[in-house]
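Down below is the structure, laid out as structure tokens.
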Amino acid sequence: MAKESSALQSIHPLVDHQQHVEAILDPGSQIIAMAEDICFDLRLAYDPTIVLNMQSANGEVDQSLGLAHNVPL
């Protein structure tokens, strides 16, 4: 028998002091991902030369657009 999965938790954090966005908490994830359109709306900087291969629970692999820069406040 499979272990029962936890209920999804949704929050609406203020991202980069600009906009509240809906986020889903996934305690099993090893990275933080964001939709491309939200990233562009927020004008967040990222390095497109650093690409991550992300594997989902069903084994499918997708590549990220890049790695976000950590800009000090």
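The values are calculated or read from the model by the stated rules, or taken from the named source; none is laboratory data. All values reported here derive from a predicted model rather than from experimental measurement. Don't worry about glycine lacking a Cβ; one is built from the backbone with ideal geometry, like all the others, and counts go over all protein chains shown. Accessible surface areas use protein heavy atoms only, side chains included; no ligands, DNA or RNA. Shrake-Rupley method; radii C 1.70, N 1.55, O 1.52, S 1.80 Å.
Side notes on the structure shown:
- Contact annotation: residue pairs with Cβ atoms under 8 Å, 6 or more positions apart or on different chains, pairing a residue in the range 2-14 that is modelled with pLDDT of 90 or more with a partner that is assigned to a loop (DSSP other than H, G, I, E, B), are Ser10/Glu22; Ile11/Glu22; His12/Val21; His12/Glu22; Pro13/Val21.
- Residues (without any contact (Cβ under 8 Å) to a residue 24 or more places away in the chain and either open to solvent by less than 70 Å² (accessible area, probe 1.4 Å) or over 17 Å from His17 (Cα atoms) (or both)) located in the range 38-51: Ile38, Tyr46, Asp47, Pro48, Thr49, Ile50, Val51
- Just one of the listed residues (Ser10, Ser29) is under 14 Å from the mean Cα position of the chain (by Cα), among the hydroxyl-bearing types (Ser, Thr, Tyr), on the phi < 0 side of the Ramachandran plot and in a strand (DSSP E or B), and it is Ser10.
- Scanning the range 35-55 for residues being in contact with a strand residue (DSSP E or B) (Cβ under 8 Å, 6 or more places away or on another chain) and either assigned to a loop (DSSP other than H, G, I, E, B) or more than 20 Å from Leu67 (Cα to Cα) (or both) gives a total of 6.
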